[in-house]
Amino acid sequence: MKKLFIGFILSLIVITQYAQVTKFDSKESFYPQFYPYPGNDYRSASGEPGPKYWQNRADYKINATLDTGSHKVSGDVEITYTNNSPDNLKFLWLQVDQNIYREDSRGSATTTQAGGRWANTKFTEGDVIKSITVDAELNHTRQNILLRDTRMQVWLNDALKGSGNKVKIKISFEFTVPEYGTDRMGRLKTKNGWVYEVAQWFPRLCVYDDIQGWNTLPYVGTR
């Protein structure tokens, strides 16, 4: 009887724990973003802008040159980023799309192996970031910069406050134009010389919104 009673208690414990673990709403996991939810001040339930809707802003000044001898683009970009959100941003995320042409990139691990028109058979070093300054302070240090595939995270010494505050980022960069790139990136040798097609070529801010925060999907070359 004692063993039976202990077994009964253990069964109740297991059932209780299982009930706690399985409080799972499968519909919640597959909601398509904001549409099933009630509206708020930022956007309505239909997705339309609400009375307090905001968008962050990035303004670019770019100086760049193309060296046809080395097939390299070198440039300096000055980005003025305006944080119109209500959040204080401790770091910024940027797209560095040229890193798709590195041998260790996510895009090279998929499209190059599978073949097709996006397959890149000659790799480059991707975006070579020479320097980064944020509001005139050098931020190009190991602890402040995180490079992950085609994305770069820049930590700020002081959080960028919301409601219209600005930060100025200056980036010096260069990359080699690949001979076989993606749909809008590459070079072709003709009888009249090299023809270049260059797109997705400068470091640019990722989108920050009230739904996903930073939008940091990697670039894999299929657009």
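Which of the residues spanning the range 146-172 are farther than 14 Å from Thr124 by Cα and in contact with a Gly (Cβ under 8 Å, 6 or more places away or on another chain)? Result: Ser172, single match.
Out of all the residues in the range 182-194, is one or more within 22 Å of Ile62 (Cβ to Cβ), in contact with a helix residue (DSSP H, G or I) (Cβ under 9 Å, 6 or more places away or on another chain), in a strand (DSSP E or B) and β-branched (Val, Ile, Thr)? Yes, there is a match, as at least one residue in the range 182-194 is within 22 Å of Ile62 (Cβ to Cβ), in contact with a helix residue (DSSP H, G or I) (Cβ under 9 Å, 6 or more places away or on another chain), in a strand (DSSP E or B) and β-branched (Val, Ile, Thr).
Just so you know, in the range 57-87 the residues that are in a loop (DSSP other than H, G, I, E, B) and touching a Gly at 6+ places or on another chain (Cβ under 9 Å) include one that is surrounded by the fewest Cβ atoms within 10 Å (Cβ to Cβ), and it is Thr68. Scanning the range 140-169 for residues that are under 15 Å from Val96 (Cβ atoms) and not hydrophobic (A, V, I, L, M, F, W, C), which turns out modelled with the lowest pLDDT? Here the answer is His140.
Taking (1) among the polar types (S, T, N, Q); (2) exposed (fewer than 14 other Cβ atoms within 10 Å of the Cβ); (3) outside any strand (DSSP E or B); (4) at pLDDT 95 or above in turn, Gln33 satisfies each apart from (4).
The values are calculated or read from the model by the stated rules, or taken from the named source; none is laboratory data. No experiment lies behind these values; they were computed from the predicted model shown. Neighbour counts are summed over all protein chains in view; Cβ atoms, including those assigned to glycine, are modelled from backbone coordinates with ideal geometry.
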